[in-house]
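Just so it is clear, none of the values below were taken in a lab; they were calculated from the coordinates. Owing to the predicted nature of the structure, the values given are computational and were not obtained by experimental measurement. Cβ: placed from backbone, ideal geometry, glycine included. Neighbour counts: every protein chain shown.
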Number of protein chains: 2
Amino acid sequence: MENQEPQIAHMSAAQPKMPASSSRILYDIPCKVCRDHSSGKHYGIFACDGCAGFFKRSIRRNRQYVCKAKSKGGCMVDKTHRNQCRACRLAKCIQAGMNKDGN
Amino acid sequence: MENQEPQIAHMSAAQPKMPASSSRILYDIPCKVCRDHSSGKHYGIFACDGCAGFFKRSIRRNRQYVCKAKSKGGCMVDKTHRNQCRACRLAKCIQAGMNKDGN
DNA sequence: GTAGGTCACATTGACCGAG
DNA sequence: CTCGGTCAATGTGACCTAC
């Protein structure tokens with residue numbers, strides 16, 4: 001896959017630009033995996049709820065994803081494409097430093 | 001996105017190679033959109049249940065998808081990648097000849 | 001302040017009855 | 001036969017609570 005749009009369920013809309021303190025979301029610290037706004041550290045790194053949840057599910061269920069792109073393992077992983085390739089998303093989570101014991 | 005795997009819900013497993021007549025599935029006629037096994041004509045062309053359902057929903061809800069790949073509109077659309085890019089899947093459905101009034 | 005759990009929501013595709 | 005409708009399965013990500 002390569003694109004899409006509503007692919008995700010609750011694709012968060014543009015943030016109201018809050019006081020950056022009254023919310024759970026850290027508007028200035030990007031998710032180390034997809035660059036979306038993070039919501040604190042998760043499994044060792046600053047990550048958004050999406051990537052944290054994805055990593056959580058992948059680990060818990062022992063998921064083995066396979067990148068089906070021509071350029072194996074080269075899928076872009078940002079807020080827009082993160083749901084296009086689970087294999088590359090998980091790989092980037094790990095590469096970014098995520099680990100089960102969060103440290 | 002570029003790959004994946006369980007992306008789809010009920011990814012049909014390898015077919016038991018039925019008598020090719022006792023089932024709804026036409027094992028010898030591929031879906032003109034994704035090459036998966038078709039299940040007869042849908043909206044004008046031989047298509048699988050997946051592409052037929054996708055086209056049905058897209059039309060009914062007047063979906064406007066946007067291809068987010070670098071190579072705009074160049075996403076592969078086969079059984080494996082069909083859920084990677086809705087924009088390209090719909091484009092290919094139309095290009096393959098699908099139309100609301102099936103003819 | 002993060003792990004873990006929960007859950008509303010959305011999509012997919014197999015199947016069914018109607019015509 | 002195809003169409004439209006239905007629905008079980010599944011994933012996503014926003015939240016909440018406990019620690």
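Inter-chain neighbour count for A:71-79: the average number of beta-carbon atoms from partner chains within 10 Å of each residue's beta-carbon is 2.
Show me B:79-88, A:68-77 ranked by packing, highest mean number of other Cβ atoms within 10 Å first.
Numbers: B:79-88: 24.1, A:68-77: 16.9.
Going from most to least packed, we get B:79-88, A:68-77.
Placing a label point 7 Å from the Cα of residue B:60 along the Cα-to-Cβ direction, the distances to the matching points in the other copies come to 3.1 nm, shortest first. Residues whose amide H lies under 5 Å from that of residue B:42, counting only those 5 or more places away or on a different chain, are B:47; hydrogens are built 1.01 Å from N in the peptide plane. Counting from the shortest, the label point at residue A:99, 7 Å from Cα toward Cβ, is 6.0 nm from the same position in each remaining copy.
Classify the stretch B:31-103 as rounded, prolate or oblate from the Cα gyration tensor: take a ≥ b ≥ c as the square roots of its eigenvalues, call it rounded if a/c is under 1.5, otherwise prolate when a/b beats b/c and oblate if not. Display every interim value, and only then the final one.
Working: a/c = 2.00, a/b = 1.35, b/c = 1.48.
Oblate.
A label point on residue B:40, set 7 Å along the Cα-to-Cβ line, lies at 5.4 nm from each of its counterparts in the other copies, closest listed first.
If you place +1 on the Cβ of every Lys and Arg and -1 on the Cβ of every Asp and Glu, how big does the dipole about the Cα centre of the stretch B:18-79 come out, in debye to the nearest 20?
That gives the stretch B:18-79 a dipole magnitude of about 480 debye.
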